[in-house]
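Report on the structure given below.
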Amino acid sequence: MADLLPPLTAAQVDDKTKVDEKVDYSNLPSPVPYEELHREAFMSLKADNFEGLRFDFTKALNQKFSLSHSVMMGPTEVPSQSAETIKIPTAHYEFGANYFEPKLMLIGRVMTDGRLNARLKADLTDKLIVKANAQITNEPHLSHAMFNFDYMGSDYRAQLQLGNSALIGATYIQSVTNRLSLGGEVFWAGVPRKSGIGYAARYESDKMVATAQVASTGAVVMNYVQKISEKVSLATDFMFNYFSRDVTASVGYDYILRQSRVRGKIDSNGVASALVEERLSMGLNFLLSAELDHKKKDYKFGFGLTVG
Amino acid sequence: MAPKRIGVGGGDSSILAKIANSSIVSQGRNAACDAVYVSKKLLKSTGKAAWIAGTTLLILVVPLVIEMDREQLLNEMEFQQTSLLGTPPPAGGMPMY
């Protein structure tokens, strides 16, 4: 192994850029660790279909500071005891402020139903990133907060997660070769006294990305994304839970054209969904979302406008 | 003539004929019923499949085709623009005024 070391160190610079390219973007917090692992697949397959009207307006006051107003009207599902989910029409307005600096990012959102959501991302040093996410609600015992500490090594990344109600998690991912990276995660949740361990692998090349993830909660997720051209990519996903024997496979496409972006997906549960974003003019985007569930005969359509 | 003969003459044979007839006829009737039942089911399931396929294609394929057409139109316009801007040097004096 020692004589292999010199070429490996040269290759590790590439690995670092590959690893950077993987775990760089943290615009949206995600409750599942390794969100970057499935990033390409989830871009096509987990498009956020919504129902009703959605209007987002972002106004930049400064180079660093911007305010956002967002209105959402539509039926939202309320889980009920019976098998039928009840849809109640709701409308709410969300006000938000964003502050972006190269080393610090602050995002805050307040909703009319009294929920406050705050996110922080700070680069403490070159290699250490702190992320915090808090959600405060009016109802007791529903507020939660989570802190992540990310350490970026030369070809690995380690993350420590601390949440309220005694949630501790740690993830580690290492580039094994130029294209293959393996990782693992461990978590312990205090309130439902559960602990879990999981493993993940990701293989990528210029044209494709394949990932697989196994967790001790019984979830196995595998997906494959093939980039057919600059504008087109196809993705397929297979997830099953070996405890509850739930299997879902889905196939989707993602066309990124100059003036629009069309994403479509069909599922083995009989769900077909599509999301079309069209750029009407500079800074004005028109969104159309549709979701057909043929098994449950549930059809959801939404439209929206994004300004700024 | 024939009905009268059936009615009067071979009473037994006519009844037997009727029974024979009716067994075949009843089989035929059963077959016809089954055929109608099966064809109804087939029509219904074909209809259902056509509905599911139609709406799914409507959602997945139609926006894509529309957007691709627009992209093609945009490409053509750009190509025209570049070709228009490409030709002025030799004949640029004339259309300018």
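Of all residues in the stretch A:226-255, count the ones that are away from chain B (no Cβ under 11 Å) and of a type in the set (K, R).
So the count comes out to 2.
Residue check, A:V221 against (1) farther than 30 Å from A:L167 by Cα; (2) under 18 Å from the mean Cα position of the chain (by Cα), all met but one. Which one?
(1)
Looking at (1) out of contact with any Lys or Arg (no Cβ under 7 Å at 6 or more places or on another chain); (2) under 22 Å from A:L37 (Cβ atoms); (3) charged (D, E, K, R), which is the one condition that is false for A:D123?
Failed condition: (1).
Evaluate the following for A:A235: is it crowded, with 16+ Cβ neighbours inside 10 Å and farther than 30 Å from B:V62 by Cβ?
no
Which of the residues belonging to the stretch A:34-49 are surrounded by 15 or more Cβ atoms within 10 Å (Cβ to Cβ), part of a loop (DSSP other than H, G, I, E, B) and touching a residue at least 12 places away in the same chain (Cβ under 8 Å)?
A:Y34, A:E36, A:L37, A:H38, A:A47, A:N49
Suppose the filter is hydrophobic (A, V, I, L, M, F, W, C), touching a Phe, Trp or Tyr at 6+ places or on another chain (Cβ under 7 Å) and at negative phi; does A:L284 pass it?
No, not satisfied.
Scan the stretch A:297-308 for residues that are in a loop (DSSP other than H, G, I, E, B) and within 13 Å of chain B (Cβ to nearest Cβ) and report the count.
The qualifying residues number 1.
Suppose we filter the stretch A:269-294 for residues that are of a type in the set (S, T, Y) and surrounded by 21 or more Cβ atoms within 10 Å (Cβ to Cβ); how many remain?
2
Quick check on the stretch B:33-76: of everything there that is of a type in the set (G, A, S) and farther than 30 Å from A:L257 by Cα, which residue is nearest to the other protein chains (Cβ to nearest Cβ)? Even if it seems obvious, please write down each step before you answer.
Of the residues in the stretch B:33-76, the ones of a type in the set (G, A, S) are B:35, B:39, B:45, B:47, B:49-50, B:53-54.
When the remaining residues are screened for being farther than 30 Å from A:L257 by Cα, the result is B:35, B:39, B:45, B:47, B:49-50.
On the way: B:A35: 29, B:S39: 24, B:S45: 14, B:G47: 14, B:A49: 11, B:A50: 13 Å.
If we take residues in the stretch B:33-76 being of a type in the set (G, A, S) and farther than 30 Å from A:L257 by Cα, then B:A49 is nearest to the other protein chains (Cβ to nearest Cβ).
Residues that are over 13 Å from B:I59 (Cα atoms) and within 11 Å of another protein chain (Cβ to nearest Cβ): does the stretch A:285-295 have at least one? So that I can check it myself, show each step before the final result.
Keep residues of the stretch A:285-295 that are over 13 Å from B:I59 (Cα atoms), which gives A:285-287, A:295.
Within this subset, residues satisfying the condition of being within 11 Å of another protein chain (Cβ to nearest Cβ) are A:295.
Yes, the stretch A:285-295 contains a residue that is over 13 Å from B:I59 (Cα atoms) and within 11 Å of another protein chain (Cβ to nearest Cβ).
When the residues of the stretch A:256-276 are filtered to those that are farther than 26 Å from B:W51 by Cα and assigned to a strand (DSSP E or B), which remaining residue is farthest from the other protein chains (Cβ to nearest Cβ)?
Quick first cut of the stretch A:256-276, residues farther than 26 Å from B:W51 by Cα only: A:256-261.
Then drop every residue that is not assigned to a strand (DSSP E or B), which leaves A:256, A:260-261.
Working: A:I256: 10, A:S260: 5, A:R261: 8 Å.
It comes out as A:I256.
How many residues are surrounded by fewer than 18 Cβ atoms within 10 Å (Cβ to Cβ), farther than 25 Å from A:G252 by Cβ and over 21 Å from the mean Cα position of the chain (by Cα) if we restrict to the stretch A:170-188?
Count: 4.
Are there strands (runs of 3 or more DSSP E) fully within the stretch A:50-104 with at least 3 residues that are free of Cβ contacts under 8 Å to residues at least 40 places away in the same chain and either over 21 Å from the mean Cα position of the chain (by Cα) or surrounded by 14 or more Cβ atoms within 10 Å (Cβ to Cβ) (or both)? List them.
Where strands (runs of 3 or more DSSP E) fall fully within the stretch A:50-104 and carry at least 3 residues being free of Cβ contacts under 8 Å to residues at least 40 places away in the same chain and either over 21 Å from the mean Cα position of the chain (by Cα) or surrounded by 14 or more Cβ atoms within 10 Å (Cβ to Cβ) (or both), they are A:65-78, A:86-100.
Checking A:K227 against (1) surrounded by 17 or more Cβ atoms within 10 Å (Cβ to Cβ); (2) touching a Gly at 6+ places or on another chain (Cβ under 6 Å); (3) modelled with pLDDT of 90 or more, which single condition isn't satisfied?
(2)
One line per residue, one yes/no per condition, for (1) surrounded by 18 or more Cβ atoms within 10 Å (Cβ to Cβ); (2) free of Cβ contacts under 8 Å to residues at least 60 places away in the same chain; (3) of a type in the set (K, R):
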{"residue": "A:M208", "(1), (2), (3)": "no, yes, no"}
{"residue": "A:V251", "(1), (2), (3)": "no, yes, no"}
{"residue": "A:I256", "(1), (2), (3)": "no, yes, no"}
{"residue": "A:D267", "(1), (2), (3)": "yes, yes, no"}
{"residue": "A:K296", "(1), (2), (3)": "no, yes, yes"}
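The values are calculated or read from the model by the stated rules, or taken from the named source; none is laboratory data. All values reported here derive from a predicted model rather than from experimental measurement. Glycine gets a Cβ as well: all are built from the backbone with ideal geometry, and neighbour counts include every protein chain shown.
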